[in-house]
Amino acid sequence: MKKFYHSTRSADDSVTSKQAILTGIAPDGGLFVSDQLGDDPLDLAEIVKKGYHGIARDVLGTLLSDYTADEVATCVDGAYADNFDTPAVTPLSAVGDDWLLELWHGPTCAFKDVALQMLPRLMSAARAGDADQGGVMIVTATSGDTGKAALDGFADVPGTGVTVFYPAGKVSDVQRLQMVTQRGSNVAVCGIRGTFDDAQTQVKRIFADTELAARLAGRNVVLSSANSINVGRLVPQVTYYFDAYAQLVKAGKVTCGEAVDYCVPTGNFGDVLAGYYAKRLGLPVGQLIVASNTNKVLTDFIETGTYDRRRDFVKTISPSMDILVSSNLERLLYYLTDGDCERVAGWMASLSTTGTYTLPAELMDRMRETFSCGFATDDETRATIRNTWEQEHVLIDPHTAVGKCVLDEMERAGRQRVCLSTANPYKFSADVLAALGHDVSDLDGFACMDRLEELTGVAAPLQLSSLRTAPELHPGVCDQAEMSAFVEDACTRVFA
Ligand SMILES: *Cc1c(COP(=O)(O)O)cnc(C)c1O
């Protein structure tokens with residue numbers, strides 16, 4: 001067995017990529033990393049001739065080397081099939097002199113689908129042969145978007161189940177419908193009376209409940225999470241950096257080997273870290289531009305060398321980027337220090353006790369060789385949505401607009417530039433409509449969708465418009481004290 005993965009905070013114990021994917025987080029609280037990253041670069045001249053599936057096979061086969069070629073192929077073919085509304089999976093389109101990499105053609109219309117359609121299959125394959133009874137129950141609290149992407153990814157995947165809690169009355173109409181209409185024999189959804197933080201706190205308690213864990217272990221069931229620090233979410237995202245490059249080469253926009261810049265709207269630093277992995281695997285990346293909203297903890301870090309989460313949390317119109325602790329940055333620190341676990345552990349300890357840490361100047365210089373940064377306020381984001389529509393006739397969502405705004409302000413280095421487009425604009429119809437200058441105060445989610453269609457002639461995706469008539473299968477709402485029993489009932493039902 002190839003045990004290449006160990007914690008960012010200690011190299012003492014190594015695990016296979018399958019174990020890393022099933023466990024999620026290392027026992028010491030660190031993130032799983034591999035010292036093999038980049039030892040085995042991909043053959044760019046071959047890669048650029050391939051389509052999405054072929055590139056995904058090469059990327060996964062390299063980074064998750066204890067999966068067999070057959071296992072990887074089955075996972076790739078299952079994850080990226082009719083569930084995406086285009087065979088290209090992540091098509092590239094022009095916006096002005098730059099490119100948008102459309103990552104939202106999956107079932108929930110946002111980029112997390114690319115990883116969350118794959119992760120359940122990787123987990124299922126990792127368990128195969130291990131046991132025919134029991135399985136992995138994913139438990140997630142969601143403020144809206146991740147819950148649906150997890151539900152859709154895990155639905156009906158053998159050996160897995162998924163339970164999602166959302167704060168009742170505190171998600172949008174469309175978000176609620178996306179979750180409560182979810183089909184699948186292994187899914188459970190429940191609203192809770194409380195806030196997202198309440199739900200999150202309870203879920204953490206459920207994970208820490210050793211008596212519950214022991215009862216479930218008796219039935220060979222383990223609880224796990226699907227959050228973005230799992231290597232099984234990171235690795236599938238590396239694929240589209242290569243695929244975007246391949247699309248540019250095929251279109252004659254770059255010659256093979258020429259560097260390209262990528263601009264990434266960022267929250268947890270997962271998506272942009274995947275770009276760094278692609279670079280380590282041989283992709284000619286010029287700059288990786290880290291784009292933040294008003295919660296610009298990463299902009300400040302890249303500019304000053306001090307990471308400081310001691311600041312007010314701001315609710316913005318790009319909510320999936322409203323994050324003050326960008327967990328995946330820990331992996332980059334590991335690679336920047338050439339694998340110095342002790343230093344990484346020290347910074348992370350400092351972050352959790354004091355809320356801040358500072359990197360030495362030479363490491364920051366090293367980081368800035370690849371990473372640049374910028375941020376956009378909500379007003380700038382709205383202006384970007386409006387200008388992009390009026391000048392380019394391209395409709396973009398607020399997260400993508402943060403990226404585009406930052407990109408537009410950067411000086412051009414003469415390279416082709418790709419802005420990652422992370423959500424379909426109709427996922428955020430009200431904010432997009434308001435950005436175009438319309439009064440949305442009396443309109444519900446579907447009315448905003450209709451108005452936006454009339455106004456722009458851009459069709460809303462069927463995945464969202466069909467929610468209007470879909471049956472509500474999970475109407476339940478419970479108290480926080482009932483969440484643990486809800487999870488246990490779901491395990492009993494799913495893993496009978
Ligand atoms: C999650 C998310 C992001 C941020 O991605 P990270 O990997 O957390 O940096 C950006 N845009 C959208 C629409 C998202 O859902």
- request: Select from the stretch 396-461 those GluC sites (Glu not before Pro) which occupy a DSSP coil region and have at most 15 other Cβ atoms within 10 Å, ordered by residue number.
  value: 411
- line: Amide H contacts under 5 Å for residue 137, restricted to residues at least 5 apart in sequence or on another chain and with H modeled in the peptide plane, are 161, 222, 223, 224
field: Over the stretch 1-109, relative contact order from alpha-carbon pairs under 8 Å, at least 6 apart, %
entry: 18
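Which whole-number percent is the relative contact order of the stretch 300-400 (Cα, under 8 Å, 6+ apart)? Walk me through the intermediate numbers first.
On the way: 73 pairs, mean separation 33.5, N = 101.
Averaging sequence separation for qualifying contacts and normalising by length gives 33 percent for the stretch 300-400.
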- request: Grab the beta carbon distance between residue 466 and residue 168, set R0 = 22 Å, and tell me the FRET efficiency rounded to 0.05.
  value: 0.45
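Count neighbours as other Cβ atoms within 10 Å of each site's Cβ, and list the trypsin sites (Lys or Arg not before Pro) in the stretch 179-217 that are DSSP loop with at most 16 such neighbours.
Details: sites: 183, 193, 204, 205, 215; in loops: 183, 193.
Here the sparse-neighbourhood loop sites are 183, 193.
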statement: Taking the alpha-carbon centre of each part, the distance from the stretch 190-206 to the stretch 402-427 in Å is 35
field: Loop-resident sites, the stretch 373-426, for trypsin sites (Lys or Arg not before Pro), counting at most 16 other Cβ within 10 Å (DSSP)
entry: 412, 415
query: What spacing in nm lies between the two simple spin-label points modelled at residue 350 and residue 314, each 7 Å away from Cα in the Cβ direction?
result: 2.6
message: Please compute the modelled spin-label separation between residue 415 and residue 183, points set 7 Å along Cα→Cβ, answer in nm with one decimal.
response: 4.4
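Using just the helices of the chain, give the 222 nm mean residue ellipticity in deg cm²/dmol: DSSP H runs with n ≥ 4 each add -39,500 (n - 2.57), and the total is spread over all residues, rounded to 500. Before the final figure, lay out the partial values.
Numbers: 22 runs with 213 residues, N = 496.
Value at 222 nm, helices only: -12500 deg cm²/dmol.
By count of other Cβ within 10 Å, fewest leading, how are 124, 65, 228 ordered? Let's see the in-between values first.
Numbers: 124 20, 65 16, 228 23.
Fewest-to-most Cβ neighbours within 10 Å comes out as 65, 124, 228.
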- prompt: Each residue of the stretch 243-248 in turn: what ³J(HN,Hα) in whole Hz from Karplus with 6.51, -1.76, 1.60 and θ = phi - 60°, glycine and Pro shown as x?
  reply: 5, 4, 4, 4, 5, 5
query: Out of residues 5 or more away from residue 289 or on other chains, whose amide H comes under 5 Å of its own, with H placed 1.01 Å from N in the peptide plane?
result: 262, 263, 264, 372
query: Separation between the residue 210 and residue 459 pseudo-spin-labels, each 7 Å from Cα along Cα→Cβ, expressed in nm?
result: 5.7
message: Explain nothing, just compute: Karplus ³J(HN,Hα) = 6.51 cos²θ - 1.76 cosθ + 1.60, θ = phi - 60°, for every residue of the stretch 264-277 in order, whole Hz, x for Gly and Pro.
response: 10, x, 10, x, 7, 6, x, 4, 6, 5, 4, x, 5, 4
- request: Classify the stretch 385-496 as rounded, prolate or oblate from the Cα gyration tensor: take a ≥ b ≥ c as the square roots of its eigenvalues, call it rounded if a/c is under 1.5, otherwise prolate when a/b beats b/c and oblate if not.
  value: prolate
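What is the total of Lys pairs in the stretch 139-289 with C-alpha atoms under 27 Å apart, excluding same-chain pairs fewer than 8 positions apart? Please list the in-between numbers first.
On the way: 148/170; 148/204; 170/204; 250/279; 253/279.
Summing the qualifying lysine pairs gives 5.
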message: Please list 3J(HN,Hα) in residue order for the stretch 93-110, calculated via the Karplus relation 6.51 cos²θ - 1.76 cosθ + 1.60 where θ = phi - 60°; whole Hz, with x for glycine and proline.
response: 9, 7, 9, x, 8, 10, 10, 10, 9, 7, 9, 10, 8, x, x, 10, 6, 9
field: Whole-angstrom gap from the stretch 379-401 to the stretch 287-311, using each part's C-alpha centre
entry: 23
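Which of rounded, prolate or oblate describes the chain when judged by the alpha-carbon gyration tensor and an a/c cut-off of 1.5?
On the way: a/c = 1.34, a/b = 1.07, b/c = 1.25.
Judged from the Cα gyration tensor, the chain comes out rounded (a/c under 1.5).
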statement: Sorted by chain and then number, the residues having a modelled amide H within less than 5 Å of the amide H of residue 192, at least 5 places away or on another chain, are 166, 168, 478
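Taking a ≥ b ≥ c as the square roots of the eigenvalues of the Cα gyration tensor of the stretch 294-403, is the shape rounded (a/c under 1.5), prolate (a/b larger than b/c) or oblate? Walk me through the intermediate numbers first.
Numbers: a/c = 2.92, a/b = 1.98, b/c = 1.48.
The shape class here is prolate.
Take every DSSP beta bridge whose two residues both sit in the chain, then give the antiparallel share in percent to the nearest 5. Don't skip to the answer; put the middle values down first.
Numbers: 13 of 49 bridges.
About 25 percent, rounded to the nearest 5.
Values quoted throughout were computed directly from the atomic coordinates according to the rules given, and no laboratory measurement underlies them. From a predicted model like this one, the values you see are computed outputs, not experimental measurements. Backbone-built Cβ (ideal geometry, glycine too); neighbour counts: all protein chains shown.
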